Structure formats: structure tokens, C-alpha cells
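Colleague: Once you've had a glance at the structure underneath, I'll fire off some questions.
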Amino acid sequence: MQTTGKGSVTEQRSTGAALRFVEAAGANIEAVPVNGDMGQRPGAAPRIGFMEWAFLSAEELMTALRTGEVTSVELTDEAIFRIERDDKAINSICVTDFDRARAAARRADEARARGEDRPLLGIPVTVKESYNVAGLPTTWGMPQYANYAPDEDAVMVSRLKAAGAVILGKTNVPFMLQDWQSFNEIYGTTNNPWDHGRTPGGSSGGSAAALASGLGALSIGSDLAGSLRNPAHFCGIYAHKPTFGLVATRGMVPPHAPALPIEGDLGVCGPMARTARDLTLLLDVMAGPDPLTRGVAYDLTLPPARHQRLSDFRVLVLDEHPLIVTGSAVRAGLNRVAAALVDGGARVERHSPVMPDLAENATLYAKLMLSSSGARLPAPAYENLQKQAATLNPDDQSMDATRLRGLVLSHRDWIDADIRREVHRHAWRQFFAEFDAVVCPIMSIPAFPHDHNPDRGEQRIDIDGVAYPSVDQSIWAGLATLPGLPATAIPAGRSPEGLPVGVQLIGPMYEDRTPLRLAELLEQTLGGFEPPK
């Protein structure tokens, strides 16, 4: 097994070819021969020096690979070198798979030499720890499963490999994927590359931190309460929460759970990248029904983006919610995006009578999300929560009361909530007859300082000098999650402290290419990812 862990598990970074590179203080880093001649090939374009590939997009790397400007072995060795050199401070990649990565890179170069060309052939990537990768640990941050390793890849991992990607390793997550931070007893704490005293987000925080640090060109994560979008917002990268059901989730399961083709309510798997175009590249690899179920009969054809020019888009910009405060730094990011839309000729509105009810969205989302959590609780804990819920005043419609009721929701009440969700979805269809996208916050603030209080209900975040419950920060994420809409997280500038600020672009169901195209156009106007200073 080619595995290593970090944190409280043994740290045994593999050494080898990458460590033959020497960095002279203050000098440009150039390559020396590793795994063959890295010098310029006859007739090839001038070659970029070692350590200058790390922050290029996957699209740019694919062009360089196709023209022979670089090999997959070279890209992989550079990525491994950077991980071994830089990731001790960030701790984003918790399980490495360098031997198999180098072997995959060699196979990719050999395949290209034979004339093959696949969407990600030779591109170094990472995978969120919660995905099954044969032979590597899948723990979800739970200490009792520290030594568990599945023997079969998740369907998304299989698709990455089939597309030619080179998997460097797995990225860190919070305990049971239940935090907007990424720390656990097995692998320790992942730090935000922009400020090591702050969280990179969660639960796909390790993936976001790795991308922001130049450790791999792409990554895959998952999202139930913003777990793709929140880390993108905190780390200044791009992520896309696909339409519910668009990406097969088989094999993205807790340790020892059977990898069955079951679509859990609300949650999705999705791509993460440093550019908007890379999100589309990776989504095209990921999207499609599970071959064990709908894939037997259905093929996927996503509709094209509604528009190709910024001036044709109709956009609603939301910066206020009846149940949550928007911080000044995030509001400023929204205003920057709104100004770019206006300057580009888009129709921009701040209010609309056809907008679905925000408060109802939040309460339905909380009930349905918490009901899934409650169904998995041990019987004694569940019975205790039932007793607590029975003592609630019927007039108490606070978010805390809603969450408690959701944890013990009866099947009858779940069906009622599901019907109300479908009514809500229809309201979104009517909304998207008049608009093409919604621009709104992902969370109320930029990345917050590490807070490892085990009682998440007691965690507080500071929004412009006032403390608010951390758990309420799922409300903005739920706007797209409840109805199953696609949402693309994009960088929108930085806070006064220099931290990244992101926003989400919510689009119509199954029209994922519309918010992705809008993200690409805004990237051209606003600028996109910038490496941490």
C-alpha cells in the first residue's frame, strides 16, 4: 500500500526524484534531469523552468502536455516536491500516494506517445479524503477508522482515472465532514494558506487549501451545507455545486458503509479548481448517471449556457436575508460583482417579486438536512432528542427549534416538507423564466480563526463586531441546496485584512453551464484566483 498520513498518524513523505531539485537562495529554480531528460526536446517550444507550472490552470497544462512542452512525469515530480516542501505548514494533503502517482504519470506519457488524448491525461489532481480510493484510507476523520482502506474506487475516482488524471493523494476533512473547518484527531488541522491562524473552510477544506497552494491542478469535493462553496470562498478559488443528481455519488460514503448507488437527500459531489473554465472541464468528466442505475438507460446531455455575452444575462443580486446578517466584507464583494455586471451591460436587479421565499427556504432546508442526520443517531440519543423536541413551544419557530424538530422529523412530516420543497422548486422555475442567475453570499464573513470547540452549537463567529451562532451560516448555502440548483463559487476580491471573499452564482436546475459561463465572463472582467501572498 502506497500511503502515508500526517498529524497524529505517521508522516512518511516519500522521497525520490523530486528531492533531487535544489533551490538556490534567491535564484530561479530550474530542473535537473529526473526520470529521464527534462531538457528541451528537438523542435519543442521553449520550456518553462521547474516550479513554474504549479499555478497554471489544468487547461493550460493540457495544452503544454499536448505540445510536448512538459511531461506528466515532470508535472507530477514538481507537485510532489511542492507538497513535501510546502504542505507541512498547510497540512492540506493528509494521505499521499506518490509511488502510484509517478507510475500513473509514466503511463500517461506513454499513452500520449502512442497518440492517445483524454480530457485529463497526465494532470496531477487531489481527491477529498471522504472518497473511496482503493488501497488508501477513508476515515472521514473518525479515529476508530484510522486503518480502514476500501478495496474499490468511488465512481468519481474511477472517472478521474479513466480521464487520465494522476492522483497525488487525499485532502483533509473535518470529523464526519461536519464543520466549516478541516481538522480531526487522525490528520490534525488544515490551515488557510492566506492566514495559518484561520480555517480554510470545510468540509472540502483540504482540497481548497491544496489548490490555493499550487498542490495539484484540480480536486473533487462534496457539498451538503456549502462544503464545496465555503472552502472556495475562504481560499479564493472556484468550486461548483452541481444540480442534485447530476454527478453520481457511489463510493463517497463513510468507512465500512456499502458503496451502493444511492442518492442521499440534498448532498452532491462536485469539482474544485483555480479557474472557471477548469470547473467546466472537470464537471464534464464527473457528470453523468451511475452506470449501475440510470446509466443503464440514460445518457447525459447538458443544455448549453443561456448566453455567451455578459450583456445578455439577467441577474438578481441578493445581499440581505431575513434570518442572517451579511458582513461588510462580503457585501463589498457582492457590490464588486454587481458593478462588473452593470459595466458589462447585464440587467441587474436587487429585488424581485418572483423570488422564492428566503425564510421558508431556510426552514425547509434545516428540517430536511437535519432529518438525515437524526435518522443515523443511536436510539438512546434519538429518543432523548424526541423528548427535548416535545417540550418546545409550538409558537417557537426559531432556527434552533426548527433544527431540533428536524432531527426527529416523522416520516409523515418529512413527506409534507418534501412536498413543500417541490412547490418551492416550481417557484424557482418561474423565477428563472425571468432571470438567468442569482448572485448572493456563500457565508457572511471571510475565513474565521480556528475554533475547535467540540460543541458546534456553542461556536460563534464575529460579523462586524457582533457574535452570531456559527451554525446559522448554512442558511446561504441552503438557498441552492434545498431545491437542488447548481451554484458556482467565484472569487470576488479580498477583505480589508487581505482575506479572500467569494460569492455564489445560482443557476436553473440542470443548466449548470449557465452559472459556469457567467463565472468565466466575470473572471475575465474582475480577475480570478491569485496565489496567497
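The values are calculated or read from the model by the stated rules, or taken from the named source; none is laboratory data. Because the structure is a prediction, the values reported are computed rather than measured. All Cβ positions, even for glycine, are placed from backbone atoms using ideal geometry, and neighbour counts span all protein chains on display. For the accessible areas, the whole protein counts, side chains as well, though only heavy atoms, and no ligand, DNA or RNA atoms are used. Shrake-Rupley method; radii C 1.70, N 1.55, O 1.52, S 1.80 Å.
Colleague: Can residue 219 be described as open to solvent by 10 Å² or more (accessible area, probe 1.4 Å) and of a type in the set (S, T, N, Q)?
Modeller: Numbers: open to solvent by 10 Å² or more (accessible area, probe 1.4 Å): no; of a type in the set (S, T, N, Q): yes.
Spelling it out, it is not the case that residue 219 is open to solvent by 10 Å² or more (accessible area, probe 1.4 Å) and of a type in the set (S, T, N, Q).
Colleague: If you scan the range 258-290, which residues turn out to be modelled with pLDDT of 95 or more, hydrophobic (A, V, I, L, M, F, W, C) and open to solvent by 30 Å² or more (accessible area, probe 1.4 Å)?
Modeller: The answer is 259, 260, 281.
Colleague: Residue by residue through the range 329-357, note down the ones that are of a type outside the set (A, V, I, L, M) and over 20 Å from residue 477 (Cβ atoms).
Modeller: Those that are of a type outside the set (A, V, I, L, M) and over 20 Å from residue 477 (Cβ atoms): 335, 336, 343, 344, 345, 347, 349, 350, 351, 352, 353.
Colleague: Restrict the check to the range 143-151 and report whether at least one residue is in contact with a strand residue (DSSP E or B) (Cβ under 9 Å, 6 or more places away or on another chain) and either among the polar types (S, T, N, Q) or buried (at least 18 other Cβ atoms within 10 Å of the Cβ) (or both).
Modeller: No, the range 143-151 contains no residue that is in contact with a strand residue (DSSP E or B) (Cβ under 9 Å, 6 or more places away or on another chain) and either among the polar types (S, T, N, Q) or buried (at least 18 other Cβ atoms within 10 Å of the Cβ) (or both).
Colleague: Collect the residues in the range 127-177 that are assigned to a loop (DSSP other than H, G, I, E, B), among the polar types (S, T, N, Q) and either at pLDDT below 95 or more than 18 Å from the chain's Cα centre (by Cα) (or both), keeping them in residue-number order.
Modeller: Selection gives 139, 147.
Colleague: How do the pairs read when you match residues in the range 119-133 that are farther than 20 Å from residue 212 by Cβ with residues anywhere that are open to solvent by less than 10 Å² (accessible area, probe 1.4 Å) and hydroxyl-bearing (Ser, Thr, Tyr), using Cβ under 6 Å and keeping only pairs 6 or more apart or on different chains?
Modeller: Within 6 Å, the pairs are 122/72; 132/138.
Colleague: In the range 505-527, is there at least one residue being assigned to a strand (DSSP E or B) and in contact with a Cys (Cβ under 9 Å, 6 or more places away or on another chain)?
Modeller: Yes, because at least one residue in the range 505-527 is assigned to a strand (DSSP E or B) and in contact with a Cys (Cβ under 9 Å, 6 or more places away or on another chain).
Colleague: Then there's this: Check the range 476-483 and report whether any residue there is closer than 30 Å to residue 430 by Cβ and not in a helix (DSSP H, G or I).
Modeller: Yes - at least one qualifying residue is present in the range 476-483.
Colleague: Go through the range 475-503 and give me each residue that's out of contact with any strand residue (DSSP E or B) (no Cβ under 9 Å at 6 or more places or on another chain) and open to solvent by 10 Å² or more (accessible area, probe 1.4 Å).
Modeller: Scanning the range 475-503 gives a single hit, 496.
Colleague: For residue 122, are the conditions met, namely being open to solvent by 10 Å² or more (accessible area, probe 1.4 Å) and assigned to a loop (DSSP other than H, G, I, E, B)? Working first, answer last.
Modeller: Working: open to solvent by 10 Å² or more (accessible area, probe 1.4 Å): no; assigned to a loop (DSSP other than H, G, I, E, B): yes.
When the stated conditions are applied, residue 122 does not pass them.
Colleague: Next up: Return the residues of the range 484-504 that are over 19 Å from residue 194 (Cβ atoms) and in a strand (DSSP E or B); say none if nothing qualifies.
Modeller: 487, 488, 504
Colleague: Can you name the condition, by its number, that residue 442 falls short on among (1) at pLDDT 95 or above; (2) under 25 Å from residue 264 (Cα atoms); (3) open to solvent by 40 Å² or more (accessible area, probe 1.4 Å)?
Modeller: (3)
Colleague: Looking at 366, 329, 362, which is the one that is part of a helix (DSSP H, G or I), in contact with a Pro (Cβ under 7 Å, 6 or more places away or on another chain) and surrounded by 19 or more Cβ atoms within 10 Å (Cβ to Cβ)? Lay out the reasoning, then the answer.
Modeller: Working: 366 fails: in contact with a Pro (Cβ under 7 Å, 6 or more places away or on another chain); 362 fails: in contact with a Pro (Cβ under 7 Å, 6 or more places away or on another chain).
Selected residue: 329, the only one of 366, 329, 362 that is part of a helix (DSSP H, G or I), in contact with a Pro (Cβ under 7 Å, 6 or more places away or on another chain) and surrounded by 19 or more Cβ atoms within 10 Å (Cβ to Cβ).
Colleague: Mind checking whether some residue in the range 63-84 is assigned to a loop (DSSP other than H, G, I, E, B), of a type outside the set (Phe, Trp, Tyr), out of contact with any Gly (no Cβ under 6 Å at 6 or more places or on another chain) and open to solvent by less than 10 Å² (accessible area, probe 1.4 Å)?
Modeller: yes
Colleague: Also: Give the residues of the range 106-137 that are over 30 Å from residue 227 (Cα atoms) and either touching a Cys at 6+ places or on another chain (Cβ under 8 Å) or acidic (Asp, Glu) (or both), sorted by residue number.
Modeller: 109, 110, 116, 117
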